[in-house]
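K.L.:
I am attaching a structure below and will ask some questions about it afterwards.
The values are calculated or read from the model by the stated rules, or taken from the named source; none is laboratory data. This structure is a prediction, so every number in the text was calculated from the model and none was measured. Cβ placement follows ideal geometry from the backbone for every residue including glycine, while neighbour counts extend to all protein chains displayed.
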């Protein structure tokens, strides 16, 4: 057995997890209340962009702290970045298909 305890070391502890949890709860409450605001006066789709920005921020806290990616090796970081890159490709292809279908509806 190895005496290397680095992989089992607690990085942020219970108080840190509680802070992250409170950030996630605040983000959820902020998403709920921001859904009642009409941000279309700024630009169409601003509500969606705000909700996605909040969701992205919450996702980053979960990945970095609860999944311990912040303290992981560069290989784990590479896998996480590659997953985001792949997700961006999938969103791009989906939106390309969606916009070509929706543009045909409005061109009549």
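K.L.:
Do we have any residue at all in the range 39-47 that's in the same structural domain as residue 11 (by TED's automatic domain parsing) and part of a helix (DSSP H, G or I)?
P.N.:
Within the range 39-47 (the criterion being in the same structural domain as residue 11 (by TED's automatic domain parsing) and part of a helix (DSSP H, G or I)), the answer is yes, since at least one residue qualifies.
K.L.:
Then there's this: Is at least one residue of the range 52-65 within 14 Å of the chain's Cα centre (by Cα) and over 27 Å from residue 13 (Cβ atoms)?
P.N.:
Yes, the range 52-65 contains a residue that is within 14 Å of the chain's Cα centre (by Cα) and over 27 Å from residue 13 (Cβ atoms).
K.L.:
A follow-up question, please. Quick test of your reading of the structure: residue 50 fulfils all but one of (1) within 29 Å of residue 22 (Cβ to Cβ); (2) loosely packed, with under 14 Cβ neighbours inside 10 Å. Name the failing condition by number.
P.N.:
Looking at each condition in turn, residue 50 falls short on (2).
K.L.:
For the range 56-76, indicate whether the set of residues that are at pLDDT below 90, at positive phi and surrounded by 10 or more Cβ atoms within 10 Å (Cβ to Cβ) is non-empty.
P.N.:
Yes, some residue in the range 56-76 is at pLDDT below 90, at positive phi and surrounded by 10 or more Cβ atoms within 10 Å (Cβ to Cβ).
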